[in-house]
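Chemist: Supplied in structure tokens, the structure appears directly below.
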There are 2 protein chains.
Amino acid sequence: MAVPLEQRDEKGSSEQNNLAVANPPVHYSVILFPAFDALDVIGPVEVLGHLARSYQITVSFITTASSASSLNNSSHNASLTPVSTRTRAASMNPFNSSAFVSIPPTHSLADPPAQIDALIVPGGAGTRAPDLTPTISFVASTFARLQYLLTVCTGAGIAARAGVLDGRRATTNKKSWNETTALRPQGPLWERSARWTEDGNVWTSGGVAAGIDMMLGFVARTYGGAVARSIALDMEYEWRDDGSWDAFAYAQDMADAE
Amino acid sequence: MAVPLEQRDEKGSSEQNNLAVANPPVHYSVILFPAFDALDVIGPVEVLGHLARSYQITVSFITTASSASSLNNSSHNASLTPVSTRTRAASMNPFNSSAFVSIPPTHSLADPPAQIDALIVPGGAGTRAPDLTPTISFVASTFARLQYLLTVCTGAGIAARAGVLDGRRATTNKKSWNETTALRPQGPLWERSARWTEDGNVWTSGGVAAGIDMMLGFVARTYGGAVARSIALDMEYEWRDDGSWDAFAYAQDMADAE
């Protein structure tokens, strides 16, 4: 229960404390794979950082790296080596730039948090890596004990391959729409024109920045609209609070029609 | 020179390769102090990550922690301990949440990058810390050899205290406007109604997400408008490409008038 202390009453009523749902998530986890997209992760995490000022929550980061692949690293805990946004695909870095950022994980797929209420799956170039099977398996096997699953950008491709989007409305990055939806063309009810989708306990967003809009929409649904609006104001983010229309699907459709 | 290889010509003309300035920055650095705001950093870094696919650039992260304060850490290089968004101020975390993220730095104030073309100063709760003198001194002493200085959110308060905003138009977070501008009320030409400002080689933005708009504006000015628009499209970010008007200054003014 993430009810703010000052709003708790003896009956634990969610009616009286204005929560939109009785038991909003407390424990959030974000999956980190090599070449994740930085804003896919930090957009939602920024929203949660603001939410954390009003509700007791935790945010953990789960690396998909196995210990074996990190043995050459001198870090204290080899399996918790920081995960980088660096892509190994030369085509994604034709000028050999060095413009990467890393995030130190708190957990690993092999040793995940004891409780995950909401799991966030980001996108990025790394979703095109050939070795995603452990990550996909983790999403598939963890899904049943999650309150909520949320995907950002091409993270929807991971969830789709895990089978957990089947029969549910879902969206993804509009520029890589064809490539991502082709990972599982039947099954998910792909919605191209959405900034984000909500279907049962599964939320998906469009590309990169759309993850911020989705996360604010999720906060509105689970903690209340006033909480979400207050966070958007603190972040000075012009929140698209209607997930059902997307400027980038529109733009891409117009470009395709030319 | 960050001219894309395929656009270089023998004369090195900036006219012919569509660059908006002859010598756009190559080496970007971001200052990381304890309790920085995550999106203040990752918003601009995301933009640079996309820019890095078209231009050879570097992005480094400079921790303000001194080695001495990190001696208890088991990290390989004690001075390069990851810098956390965690605030020590209990008032900023009344529910004892654990919703923080860290970034491993590449450099320190004592051992900064050999070349910094553009320095980015984020904001966050950490700008209210009492021990910012080394950071402020670094900005003051480094400014003369920078091509550009950019501040996000309350990072403007650090630049203001360093004296480098004097005589220049500048903006900052609208919710903490009074507190931040009071750090140096005379000197900077504070502009409340701006999403971001550009004055000579100094750029400043409003709160948090405004750093993304500023960075895209900076890319437009230095690499060309088409480059900036392409990045905004890839990020699915609805870029406010006019820095001279700010929805959040407007909203705050309306709230103050009630």
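Chemist: Go through the stretch A:182-200 and report how many residues are in contact (Cβ under 8 Å) with a residue 40 or more places away in the chain and either away from every other protein chain (no Cβ under 13 Å) or out of contact with any strand residue (DSSP E or B) (no Cβ under 9 Å at 6 or more places or on another chain) (or both).
Modeler: Going through the stretch A:182-200 one residue at a time, the tally reaches 4.
Chemist: Something else about it: Looking at B:Arg168, is it more than 19 Å from B:Ile116 (Cα to Cα), open to solvent by 20 Å² or more (accessible area, probe 1.4 Å), basic (Lys, Arg) and touching a Phe, Trp or Tyr at 6+ places or on another chain (Cβ under 8 Å)?
Modeler: Taking the combined requirement at face value, the residue does not satisfy it.
Chemist: Okay, next question. May I ask you to verify whether B:Glu179 is acidic (Asp, Glu), assigned to a loop (DSSP other than H, G, I, E, B) and out of contact with any strand residue (DSSP E or B) (no Cβ under 8 Å at 6 or more places or on another chain)?
Modeler: no
Chemist: Being facing chain A (nearest Cβ under 9 Å) and open to solvent by 10 Å² or more (accessible area, probe 1.4 Å) is the filter here; which residues of the stretch B:21-37 pass it?
Modeler: Listed by number, the list holds a single entry, B:Asp37.
Chemist: Right, another one. Report yes if some residue within the stretch A:220-228 is closer than 17 Å to A:Glu46 by Cβ, at pLDDT 95 or above and open to solvent by 10 Å² or more (accessible area, probe 1.4 Å); otherwise report no.
Modeler: Scanning the stretch A:220-228, I find at least one residue that is closer than 17 Å to A:Glu46 by Cβ, at pLDDT 95 or above and open to solvent by 10 Å² or more (accessible area, probe 1.4 Å), so the answer is yes.
Chemist: For the stretch A:87-96, which residues satisfy the criterion of being outside any helix (DSSP H, G or I) and surrounded by fewer than 19 Cβ atoms within 10 Å (Cβ to Cβ)?
Modeler: Across the stretch A:87-96, the qualifying residues are A:Arg88, A:Ala89, A:Pro94, A:Phe95, A:Asn96.
Chemist: Hey, can you tell me all the residues within the stretch B:231-258 that are among the hydrophobic types (A, V, I, L, M, F, W, C), over 16 Å from A:Glu238 (Cα atoms) and touching a helix residue (DSSP H, G or I) at 6+ places or on another chain (Cβ under 6 Å)?
Modeler: B:Ile231
Chemist: A further question follows. Can you pull out every residue in the stretch B:105-160 that is among the charged types (D, E, K, R) and more than 19 Å from B:Val208 (Cβ to Cβ)?
Modeler: Of everything in the stretch B:105-160, those that are among the charged types (D, E, K, R) and more than 19 Å from B:Val208 (Cβ to Cβ) turn out to be B:Asp111, B:Asp117, B:Asp131, B:Arg145.
Chemist: Let me ask something else. Would you tally the residues in the stretch A:149-192 being under 16 Å from the mean Cα position of the chain (by Cα) and of a type in the set (Phe, Trp, Tyr)?
Modeler: The qualifying residues number 0.
Chemist: Please go through the stretch B:97-149 and pick out each residue that is part of a helix (DSSP H, G or I) and either modelled with pLDDT under 95 or buried (at least 16 other Cβ atoms within 10 Å of the Cβ) (or both).
Modeler: Selection gives B:Ala125, B:Gly126, B:Thr127, B:Arg128, B:Thr135, B:Ile136, B:Phe138, B:Val139, B:Thr142, B:Phe143.
Chemist: Write out, first by first residue and then by second, each pair whose Cβ atoms fall under 8 Å of each other, whose residues are 6+ apart or on separate chains, and whose first residue, in the stretch A:102-115, is away from chain B (no Cβ under 14 Å) while the second is open to solvent by less than 50 Å² (accessible area, probe 1.4 Å) and part of a strand (DSSP E or B).
Modeler: If the second residue must be open to solvent by less than 50 Å² (accessible area, probe 1.4 Å) and part of a strand (DSSP E or B), the pairs left are A:Ser108/A:Ile62; A:Ser108/A:Thr63; A:Leu109/A:Ile62; A:Leu109/A:Thr63; A:Pro112/A:Ser29; A:Pro112/A:Ile62.
Chemist: To continue, here is another question. Being open to solvent by less than 60 Å² (accessible area, probe 1.4 Å) and among the basic types (Lys, Arg) narrows it down to one residue among B:Arg195, B:Arg184; which is it?
Modeler: B:Arg195
Chemist: Can you name the residue in the stretch A:38-66 that is within 7 Å of chain B (Cβ to nearest Cβ) and assigned to a strand (DSSP E or B) and, of all such residues, is least open to solvent (accessible area, probe 1.4 Å)?
Modeler: A:Val59
The values are calculated or read from the model by the stated rules, or taken from the named source; none is laboratory data. Being a predicted model, the structure only gives us computed values, none of them experimental. Quick reminder, even Gly has a Cβ in these numbers, built from the backbone with ideal geometry, and neighbours come from all protein chains shown. Calculation scope for accessible area: heavy atoms of the full protein, side chains included, ligands and nucleic acids excluded. Shrake-Rupley method; radii C 1.70, N 1.55, O 1.52, S 1.80 Å.
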